[in-house]
Amino acid sequence: MWTLLLLLAAPPPETLPGTSPLLRKGDLAEQMVAGIDRFLTRELEETHKRRPARWKLDISSPEAYGKSLQPYRSRLAHMLGVRDERPAPGAPELVATLDQPALVGRGATYDIFAIRWKAFADVTGEGLMLTPRKGKPLANVVAIPDADITPEQLCGLMPGVTPEAQYARCLAENGCRVFVPLLVNREVQPRFWEGKGGARSGGARMTNREFLYRPAFEMGRHLIGYELQKIFALVDWLAKDDPKTRRGVMGWGEGGMLALYAAALDPRIDATAVSGYFGASRKRWQQPLDRNVFGLLSEFSDGDVAGMIAPRFLAVKEIAGPTVDLPSTGGAPGKLGPISAEDFRTEWNEAVPLRKAPAFPNHLASGGNLAGFADMLLKHWKLEIHRDAALAPKHLREGYDPTPRHARQMAEIDRHTQALLQQSHQVRRDFLPIADLFARPDDAKKLDTSSLAGYEKSIERYREIFATEVIGRLDRKPLPSNAHTRKIAETDKVVTYQVVLDVYEDVFAYGLLLLPRDLKAGEKRPVVVCQHGLEGRPEHTIGKEGFASYKAFSTQLAERGFIVFAPQNPYIGKDNFRVLQRKANLMGKTLFSIIVPQHQQITDWLKTLPQVEGSRIGFYGLSYGGKTAMRVPALVKNYCLSICSADFNDWVWKNASTKDRYSYVWTMEYEIFEWDLGHTFNYAEMAALIAPRPFMVERGHSDGVGPDERVALEYAKVRHLYQSKLKIGERTQIEFFVGPHTINGQGTFDFLHKHLGWAKR
């Protein structure tokens, strides 16, 4: 066991005793991110292999099979954000104005009407209805277009879709009543907050779908779920108004995806046809961000969802879907393109429910285009097929512009998500009652604040929820740390070492260890872990020029006598680390699923050092490092305190608001959103997971992370918990200072000295 006395008597060793020489060359931060990418790619593949074992189905009869599917339907609906109560079934209303009649088109045997219907809350669906002019409809079908195809195009009223691909029109020509809902399109626009006097902020370019996806995801909702609800509302009415007539759904591209999900979730749908979508679930992380569904691939592949339709009819036409190539212009990059025959067949054949489903009538068809797509339903229903491609329906609306309709649909969804945001504080209060003057009888059952021991016991349940449902815990044991080190710098006060620790295969933790040179033999000192922010490096915290916001706080603290460890986080490389988040999300994981084990390994290793007082390891992070300060110490109990600098605020509001300039909705940080955080853990609730350990906020008045009042409001809840409920108000503090997004290093340094038990010198 070496002592620091040797350091005083001789040059510091090149490698820390008890560790191996660090021989890695190149950029260790980039290597760390690349290793995490390899790890997550393998995890995705392992997820596909493990997923079938999760399915427990009763295949003794179609009835038993349907009953055994119910928990899976509930789970899938939850993932897709299908949570809002729909109103009592009501007939769609005709949409007309003084200059635009509701009758918008006429075919040889059918009429086309503009319609609107109540979907959920104050959100409506809009689109077209094609109905036979004579006689009763032979079937009712919801024909769902791709996101970039309007209902008019799918019906042949406006150009853009070839006649053979107008499956809504084909169904109408063959005696079906057809409903064509409008989907939110993929148009890319710059997103600005528009204030009074022409003030603007933001400007990230993203699709309309991503713009609505971002805040919805934070509120446990999803654009996919919103659009499914519009389909279900139509099915509600059809099941009530015309229960004996066949009901079907079909779609291409985005419409194919919605048709597949709709039929899987709603057994009232008799028959389904899907094209231009099926078979690419393994590559979902590469697709447009609005298809990101938290935890989806850990439980459901496309094939699994298809199996949930059994024993009802399903037809899948193996043709290319829409071609989409979204660049990284603030919004997330994403691609849609041809699905290989191999991927298609693999997905189809591997699904356990599909293989086991009793009496599942299904049909696979290949083909180069959508010609005959509608026939798949017509043939199943044994309907005669008539077609007259030359007789297109007549458009009766002069100069019709669909833009206002689309804008209405976007505005309604946005208003609903913002209403959820406004109500979310009460949902969180009911979930975890940390600060309420009007306590209710069941609050004590949820959270015991009568004693610190009682509190720590009762908060553990919430810590588990946070770990599994928000962060996403990896179900694997870490490797031995196998520490590798090398000396990289020394001054008359501090010696700095690079440290690399193994965590998982291909995953390592990397950082800088700063040792004060005045350590005495046998002396143990507290440690401060100093975490940099977005696109930062540990070196930025030790005095490198050009990184003034950090104020060399690692070096300052080491010169005050603390042992300091400055870890590298994976938030580097712009889209590189954001791709990691997208891969992780599909497994119900996040980047913090990696970061938490890294910090567990770091702190476990630090505790083995003879110079370290293992019970006194504190965390101090700036910006994205402050984001880490709210999440990692909540789960890594080796941290005895946490300081959040230049990040603490009303985090849910900051992520989900489309009404405020400070929101991440306007920015390039498309990975920042966390599934359903709005109804579970805002920053006050995360601080509750850190309690009763000391917790501090450092806040510059001019910090653009958010306004003072939002920061103060959220912190007031923390203060209430510590002071009023737990009677430990001395363990929490907030320091406001005149300054920007930066370390201040005054009250926080005093806080560290006090709570880590290290006297100022």
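Brief remarks on what is shown
- Within segment 384-417, the set of residues being in a loop (DSSP other than H, G, I, E, B) and in contact with a Lys or Arg (Cβ under 9 Å, 6 or more places away or on another chain) comprises I385, A392, P393, L396.
- Checking each residue in segment 2-22 for being of a type in the set (A, V, I, L, M), modelled with pLDDT under 95 and either farther than 13 Å from L515 by Cβ or assigned to a helix (DSSP H, G or I) (or both) picks out L5, L6, L7, L8, A9, A10.
- Condition check for G546: assigned to a loop (DSSP other than H, G, I, E, B), modelled with pLDDT of 95 or more and assigned by TED's automatic domain parsing to the domain that holds V507: no
- Tally, over segment 714-742, of residues that are farther than 23 Å from K551 by Cα, among the hydrophobic types (A, V, I, L, M, F, W, C) and in a loop (DSSP other than H, G, I, E, B): 2
- The conditions of being surrounded by fewer than 23 Cβ atoms within 10 Å (Cβ to Cβ), within 21 Å of W605 (Cβ to Cβ) and either among the acidic types (D, E) or touching a Gly at 6+ places or on another chain (Cβ under 9 Å) (or both) are met by R525.
- Restricting I672, I643 to residues that are in contact with a helix residue (DSSP H, G or I) (Cβ under 8 Å, 6 or more places away or on another chain) and either touching a residue at least 40 places away in the same chain (Cβ under 8 Å) or in a helix (DSSP H, G or I) (or both) narrows the list to I643.
- If you check I309, I319, I385, I339 for being assigned by TED's automatic domain parsing to the domain that holds G220, within 21 Å of D266 (Cα to Cα) and either crowded, with 20+ Cβ neighbours inside 10 Å or modelled with pLDDT under 90 (or both), only one passes: I309.
- Criterion violated by G536 - all others in (1) surrounded by fewer than 23 Cβ atoms within 10 Å (Cβ to Cβ); (2) of a type in the set (G, A, S); (3) under 19 Å from S623 (Cβ atoms) satisfied: (1)
- Scope segment 23-79; condition farther than 29 Å from K283 by Cα and within 20 Å of the chain's Cα centre (by Cα); matching residues: none
- Within segment 573-592, considering residues that are in a loop (DSSP other than H, G, I, E, B) and at pLDDT 95 or above, the one farthest from A467 (Cα to Cα): L586
- Every condition in (1) buried (at least 23 other Cβ atoms within 10 Å of the Cβ); (2) among the small types (G, A, S); (3) closer than 27 Å to D414 by Cβ holds for G706 except the one numbered (1).
- Search result, residues across segment 448-484 that are without any contact (Cβ under 8 Å) to a residue 40 or more places away in the chain and more than 30 Å from T19 (Cα to Cα): D448, S450, S451, A453, G454, K457, S458, E460, R461, E464, T468
Residues checked against (1) outside the structural domain of Q229 (by TED's automatic domain parsing); (2) crowded, with 18+ Cβ neighbours inside 10 Å; (3) more than 19 Å from H406 (Cβ to Cβ):
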| site | (1), (2), (3) |
| --- | --- |
| P62 | yes, no, yes |
| E85 | no, no, yes |
| A91 | no, no, yes |
| T97 | no, no, no |
| P101 | no, no, yes |
| A108 | no, no, yes |
| I115 | no, yes, no |
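- Checking R221, R214, R209 one by one, the residue that is part of a loop (DSSP other than H, G, I, E, B) and surrounded by 24 or more Cβ atoms within 10 Å (Cβ to Cβ) is R221 and no other.
- Tally of residues being of a type in the set (F, W, Y) and closer than 22 Å to T124 by Cα across segment 42-100: 0
The values are calculated or read from the model by the stated rules, or taken from the named source; none is laboratory data. Source: prediction; values computed, not measured. Virtual Cβ from ideal backbone geometry, glycine too; neighbours counted across all protein chains shown.
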